[in-house]
Amino acid sequence: MSGVVAVIDYGMGNLHSVASALEHVGADKVVVTHDAEQIRQADRVVFPGVGAMRDCMAEIRRLECDKLLADALLEQHKPVLAICVGMQALLGHSEENNGVDCLNLVDGQVRYFGNPLTSADGERLKVPHMGWNEVRQTRDHPLWQGIEDGTRFYFVHSYYVLANDRELVVGALDYGVAADAALARDNLFATQFHPEKSHTAGLKLLKNFLAWDGQR
């Protein structure tokens, strides 16, 4: 039983695609909301996001979603899944928009891929990184259950995450640079890729999230 899943809505991106994917894999109830009481009463929380980091952080703070997210993670200890910009917002600082201070819930930085960006064999790589890429599972985790190492997931991003605590990294990405594709700590799992756009593997990860008790 997944219980109620709250998808935090701070006005950035099409959050209903995430909600629809969660319903598709069996969520009992999904609410897309920034209402404090609904988020506090939910059994698990999803923190997605797309768009420019400065705009995202401004809305997250204006709606006090930063406090609600910290409460879910650190006080209520409920399972939390962060996606794309939602993952990046957890870090301490982003290079986007000439530098933006983020939530600092995870020690690390968000960096620009660079221009020009090339692969190991000299091939020119496009920025933003948009499309399918292999994810190497660097550590076992319940959300990887039933998903093969090296499975391809769907990415859309111009900036990448590097956590300072390398023990948090559970998924790695190579795209001209070595980047963190997934992080996990206690009741938090965060992905740079979009599971809701990643077909079978992404839906499996979301289904695993619904069954996860928030333990490593």
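The values are calculated or read from the model by the stated rules, or taken from the named source; none is laboratory data. Note that the structure is predicted; figures quoted are calculated from it, not measured. Here the Cβ is made from the backbone with ideal geometry for all residues, glycine too, and neighbour counts use every protein chain on show. These area figures cover heavy atoms from the full protein model, side chains too; ligands, DNA and RNA do not enter into them. Shrake-Rupley method; radii C 1.70, N 1.55, O 1.52, S 1.80 Å.
Okay, here's what the table says:
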quantity: Extension gain (nm, one decimal) between A178 and K67, 0.36 nm per residue minus Cα-Cα; calculated: 36.8 nm
quantity: DSSP-defined beta bridges in the chain - what % are antiparallel, rounded to 5; calculated: 60
quantity: Largest-first ordering by accessible area, 1.4 Å probe, given options R139, R62; calculated: R62, R139
quantity: Projected label distance in nm at T200 and N14, using a 7 Å step from Cα toward the beta-carbon; calculated: 2.4
quantity: Charge tally in the Cβ shell below 14 Å around C102, where Lys, Arg are +1 and Asp, Glu are -1, C102 excluded; calculated: -4
quantity: GluC sites (Glu not before Pro) within the stretch 131-172: DSSP coil, no more than 16 neighbouring Cβ in 10 Å; calculated: E148
quantity: Pairwise Cα inverse-distance average, inverted: Kirkwood Rh of the stretch 35-193 (Å); calculated: 16.1
quantity: Net +/- balance of residues flanking D140 in space, Cβ distance below 14 Å, scoring K and R +1, D and E -1; calculated: 0
quantity: Cα-Cα separations in the stretch 24-112 greater than 21 Å, expressed as whole percent; calculated: 29
quantity: Net lengthening on full extension, R40/S119 (0.36 nm per residue, minus Cα-Cα); calculated: 24.0 nm
quantity: Surrounding net charge for G131, when Lys and Arg each add one and Asp and Glu each subtract one, Cβ distance under 12 Å; calculated: +2
quantity: Rel. contact order, % - alpha carbon contacts under 8 angstrom, at least six apart, the stretch 31-99; calculated: 42
quantity: Accessible surface of the chain [probe 1.4 Å, protein heavy atoms]: carbon and sulfur percent; calculated: 45
quantity: Order of exposure, largest accessible area first, which applies to K67, K126 with probe 1.4 Å; calculated: K126, K67
quantity: Proximal lysine pairs, the chain, alpha carbons under 22 Å, eight or more residues apart or interchain; calculated: 9
quantity: Highest-fluctuation residue, S198, S119, S20 considered, GNM on the chain with Cα pairs under 10 Å; calculated: S119
quantity: Of every Cα-Cα pair in the stretch 135-216, the percent that sits beyond 16 Å; calculated: 47
quantity: Surface accessible to a 1.4 Å probe, per residue, for the residues of the chain, Å²; calculated: 45
quantity: Solvent exposure, largest accessible area first (probe 1.4 Å, DNA, RNA and ligands not counted), of V25, V110; calculated: V25, V110
quantity: Base-10 log of normalised Debye intensity for the stretch 1-74 (one unit scatterer per alpha-carbon) at q = 0.24, 0.25 Å⁻¹; calculated: -1.09, -1.16
quantity: Gain in span if fully extended, N98 to D140, counting 0.36 nm per residue against the direct Cα distance; calculated: 11.6 nm
quantity: Structure-based [θ]222 nm, the chain - -39500 (n - 2.57) summed over DSSP H runs of at least 4, per residue, nearest 500; calculated: -6000 deg cm²/dmol
quantity: Mean separation of Cα contacts under 8 Å, 6 or more apart, over the residue count of the stretch 1-53: relative contact order %; calculated: 53
